[in-house]
1. Read phi for every residue in region 31-39 and hand back ³J(HN,Hα) as whole Hz from Karplus 6.51 cos²θ - 1.76 cosθ + 1.60, θ = phi - 60°, with x for Gly and Pro.
2. What is the packing order of peptides 36-47, 17-28, taking the mean over residues of other C-beta atoms within 10 Å and listing the highest first?
3. For Glu23 and Arg43 in the same chain, what is the full-extension length gain: residue separation times 0.36 nm, less their Cα-Cα distance, in nm?
4. Would you compute, from DSSP H runs of 4+ residues alone, the mean residue ellipticity of the chain at 222 nm, taking -39500 (n - 2.57) per run and dividing by the full residue count, rounded to the nearest 500?
5. First measure r as the distance between the Cβ atoms of Ile36 and Arg13, then evaluate 1/(1 + (r/R0)^6) with R0 = 22 Å and state the FRET efficiency to the nearest 0.05.
6. Which Cα, out of Phe10, His35, Val21, lies furthest along the positive dipole direction of the chain (beta carbon charges, K/R +1, D/E -1)?
7. With every atom except the alpha carbons ignored, what do you get for Rg and Dmax of the chain, in angstroms?
Amino acid sequence: MAITTTDLRFDPRLTAEIRAVLEKYGYRLPSGGDHIRELVMTRVDIALKNLVEVFEGRTW
């Protein structure tokens, strides 16, 4: 699934803020080093792009 988002509102700060909220509620990234965390954050980024599209009604 290719992500083709040109929405300028979507930048790394949004993902970082979502991560901070999740950590505030007790969720933690898996252990296993930087490579594992990078893979997980890439998946979070894709899921977040999907979430904002659904939130704004851009997908059905």
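1. 7, x, x, 5, 4, 5, 5, 5, 4
2. 36-47, 17-28
3. 5.5 nm
4. After summing the helix terms and dividing by the residues of the chain, the value is -19500 deg cm²/dmol.
5. Details: r = 23 Å, r/R0 = 1.02.
Once rounded, the FRET efficiency stands at 0.45.
6. Sorting the options by dipole projection puts first Val21.
7. 12.7, 37
A short reminder: the numbers here are calculations on the coordinates, not readings from a lab. Predicted model only: the values in this text are computed from it and were never measured. Every residue, glycine among them, receives a Cβ derived from its backbone with ideal geometry; neighbour counts consider all protein chains shown.
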